[in-house]
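Undergrad: Pasting a structure here, questions to come.
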Amino acid sequence: MSDNKIVKAIKEKSKDLEVEMSFFDHIEVLRWHLIRSCIAILVFTILAFVYYDFVFDQIIMGPMKPDFWTYRMLCKLGDALHRPGFCITSIPGKIINTEMAGQFTLEINSALIIGITLGFPYLLWEVWRFIKPALHENERKAASGFVFYASFLFILGILFGYFVIAPESISFLAGYKVSDIIENTFTVDSYLSSVATLTLATGVVFQLPILVYILSNIGILTPKVMRSGRRYAVVAILVISAVITPTPDMMTMMIVSLPLFILYEVGIKVAAVVEKRKLKKHNELMTTSNK
């Protein structure tokens, strides 16, 4: 009897060891996925560091220049609508450095931000490679375009944030004064933080359809819920647009809110596709069970 207990205990211990080894094997696999992602980000960071003159003059400082693409387009739009107020010919304010290592830190931080932004699609691909083996065949097919769509939406959001939200916000804030006594001078850290936050935050916000897809598959969101909550979504989007763009004019807020409205409608379509797929699968299962 005692021998049986010993054998049983050994078997249970071996099962625990197998589970433990499996867990640590997964941790090891995840570690290498993260290491490769970090290497990719490091490579892009080094490239940004090597070509930093172009990165700083043309990308980081772009929204501070009157000949920036967005300002030129606004001038053309103002001419077409006979609204000269749209045209921005100068960006007031002065950017200064107040720390001994401020400019060196600026170069490191901005190169790292560029590296993370460019390396984000590869990071998504490594995440997909990690979770793919744990999915069933039908789940793999359903999520096969995850990396492409998430990367596309992120890049689209980055471009929208950089070419629309960032310049509109900078041109407004740089020229905003409560009194002529106060001169607008900004630290270089404050400027970089503003541009990076507005740009990256928009890239994240544009992931809304991906979030809707995940929540729909879990069963938390349905197209019916999203359609019935459309009026609340409109209010929320307008509030978010007002917070993101501190400019007081209605036109700028509508330009910012329009893509968010489109993303919400795309989210409804995505939820409807997921629900239709679930219903089809359920019907096939019921048909098979009846046979």
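Undergrad: Does residue 165 meet the test of being touching a residue at least 60 places away in the same chain (Cβ under 8 Å), in contact with a Ser or Thr (Cβ under 9 Å, 6 or more places away or on another chain) and outside any helix (DSSP H, G or I)?
TA: No; evaluated as a whole, the condition is false for this residue.
Condition check ((1) surrounded by fewer than 19 Cβ atoms within 10 Å (Cβ to Cβ); (2) of a type in the set (S, T, N, Q); (3) in contact (Cβ under 8 Å) with a residue 60 or more places away in the chain) across all residues:
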site: 122; (1), (2), (3): yes, no, yes
site: 129; (1), (2), (3): yes, no, yes
site: 136; (1), (2), (3): yes, no, no
site: 140; (1), (2), (3): yes, no, no
site: 148; (1), (2), (3): yes, no, no
site: 198; (1), (2), (3): no, no, no
site: 204; (1), (2), (3): yes, no, no
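Undergrad: In the stretch 129-151, what residues are more than 10 Å from the chain's Cα centre (by Cα), part of a helix (DSSP H, G or I) and within 22 Å of residue 263 (Cβ to Cβ)?
TA: 142, 146, 147, 148, 149
Undergrad: Give me a count of the residues in the stretch 172-209 that are modelled with pLDDT under 85 and among the small types (Gly, Ala, Ser).
TA: Total satisfying the criteria: 3.
Undergrad: Residues to consider are 256, 212; find the one that is surrounded by 11 or more Cβ atoms within 10 Å (Cβ to Cβ) and modelled with pLDDT of 85 or more.
TA: 212
Undergrad: While we're on this one: Can you tell me which residue is nearest to residue 104 (Cα to Cα) among those in the stretch 179-193 that are polar (S, T, N, Q) and touching a residue at least 60 places away in the same chain (Cβ under 8 Å)?
TA: Looking at residues that are polar (S, T, N, Q) and touching a residue at least 60 places away in the same chain (Cβ under 8 Å), I get 187.
Undergrad: Mind checking which residues of the stretch 100-115 are surrounded by fewer than 18 Cβ atoms within 10 Å (Cβ to Cβ) and either touching a residue at least 24 places away in the same chain (Cβ under 8 Å) or β-branched (Val, Ile, Thr) (or both)?
TA: Result: 102, 103, 105, 107, 108, 109, 112.
Undergrad: What about residue 90, is it outside any helix (DSSP H, G or I) and without any contact (Cβ under 8 Å) to a residue 24 or more places away in the chain?
TA: No: the conditions fail for residue 90.
Undergrad: Scan the stretch 27-45 and report the pairs whose first residue is modelled with pLDDT under 95 and whose second residue is exposed (fewer than 13 other Cβ atoms within 10 Å of the Cβ), with Cβ atoms within less than 9 Å and a gap of 6+ or a chain change.
TA: Taking only residues 6 or more apart or on different chains, the pairs are 29/133.
Undergrad: Which of the residues spanning the stretch 55-87 are of a type in the set (Phe, Trp, Tyr) and over 24 Å from the mean Cα position of the chain (by Cα)?
TA: Those that are of a type in the set (Phe, Trp, Tyr) and over 24 Å from the mean Cα position of the chain (by Cα): 71, 86.
The values are calculated or read from the model by the stated rules, or taken from the named source; none is laboratory data. Only a predicted model underlies this, so the values are computations on that prediction, with no experimental measurement involved. Note that we place each Cβ from the backbone using ideal geometry, even for glycine, and neighbour counts take in every protein chain shown.
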